[in-house]
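Have a look at the structure below before the remarks.
The values are calculated or read from the model by the stated rules, or taken from the named source; none is laboratory data. Treat the numbers as computed from the prediction; the structure is a model and nothing was measured. Neighbour counts run over all protein chains shown; Cβ positions are idealised from the backbone, glycine included.
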Amino acid sequence: MTVREIQAGTITNVVERLCIRANEYLPEDMKSAIRDCRACEDWPIARDVLDKIVENYEIAEAQEVPICQDTGMACVFLEIGQDVHIAGGGLREAVDEGVRRGYDKGYLRKSVVKDPVRRGNTGDNTPAMLYTEIVPGEQIKVTVAPKGFGSENMSVIRMFKPSAGLEGIKDFILETVETAGPNPCPPMVVGVGIGGTFDKAALLAKKALLRPLDSQNPDPFYAELEKEMLERINRLGIGPQGFGGRTTALGLNIETLPTHIAGMPCAINISCHVTRHMTEVI
């Protein structure tokens, strides 16, 4: 068996680059969803807001400036091949250095505080929220997803008993979005995680936000649930930026895991119309 060596400095460089690009370029699936919703809107104010959103991301791309003033916490997902050896430094240090450099070089707002209660800005947007997974192969897949907190603050987890059933989950999704209202800067993207444990459900919901909006859950049951709940959310009439209209959500993705016989955890991670993520494979 051969082991491929990847230098920690290479990881730093990739994270630095992705921090900047993710904050300046909206993914193509997001842009396409926004344009499609604009074409279907019949409420003049909603159409105007969506036009401004399009204008905003076009200016960000052309001038290489952040799409939003909240450049978020750097959520970094690493799929590390089991045949990879990281040399020349620690993984955590490599990732944080990449965030540090990226947020400095890209003139991105530093939004991280040292302590959740006593506060105090770290001054460099570190530490990153780091998620690692060991997978087959000899590559590292790096995804940087800056997460703003106007939407993150609207996210909820609930530990259902199995007796709540499918209707309990449906009601929970609608209740969470309706309570969020205009706060997460709609049109939003809704990530839903069902199953696992308390912590795994939340991670599933966040990872659901990384899935392309033009994809479906591979299980037809959940694919149909995604479609149904997106339609029901858009009938709430919250609309772009809360001004009413057909477009409250651009997409809703569901991810699931097996769970315990006594539980049915469900987490909802809401993201704004600037659902940013960039990926590079080393």
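Which of (1) closer than 30 Å to Lys52 by Cβ; (2) in contact with a Cys (Cβ under 6 Å, 6 or more places away or on another chain); (3) part of a strand (DSSP E or B); (4) not acidic (Asp, Glu) does Thr247 not meet, given it meets every other one?
With respect to (1) closer than 30 Å to Lys52 by Cβ; (2) in contact with a Cys (Cβ under 6 Å, 6 or more places away or on another chain); (3) part of a strand (DSSP E or B); (4) not acidic (Asp, Glu), Thr247 is out only on (3).
Mind listing whichever residues of the range 152-185 are in a strand (DSSP E or B) and basic (Lys, Arg)? Please lay out each step first, then the result.
Step one: filter the range 152-185 for residues in a strand (DSSP E or B), giving 156-160.
Listed by number, the list holds a single entry, Arg158.
Pull out all pairs, ordered by first then second residue, where Cβ-Cβ is under 7 Å, the residues are six or more apart or on different chains, the first lies in the range 78-100 and is charged (D, E, K, R), and the second is assigned to a helix (DSSP H, G or I).
Sorted first by the residue in the range 78-100, then by its partner, the pairs are Glu97/Thr12.
Among the candidates Asn56, Asn121, which residue alone is modelled with pLDDT of 95 or more, surrounded by fewer than 18 Cβ atoms within 10 Å (Cβ to Cβ) and within 19 Å of Pro187 (Cβ to Cβ)?
On the way: Asn121 fails: within 19 Å of Pro187 (Cβ to Cβ).
None of the other options fit; the residue is Asn56.
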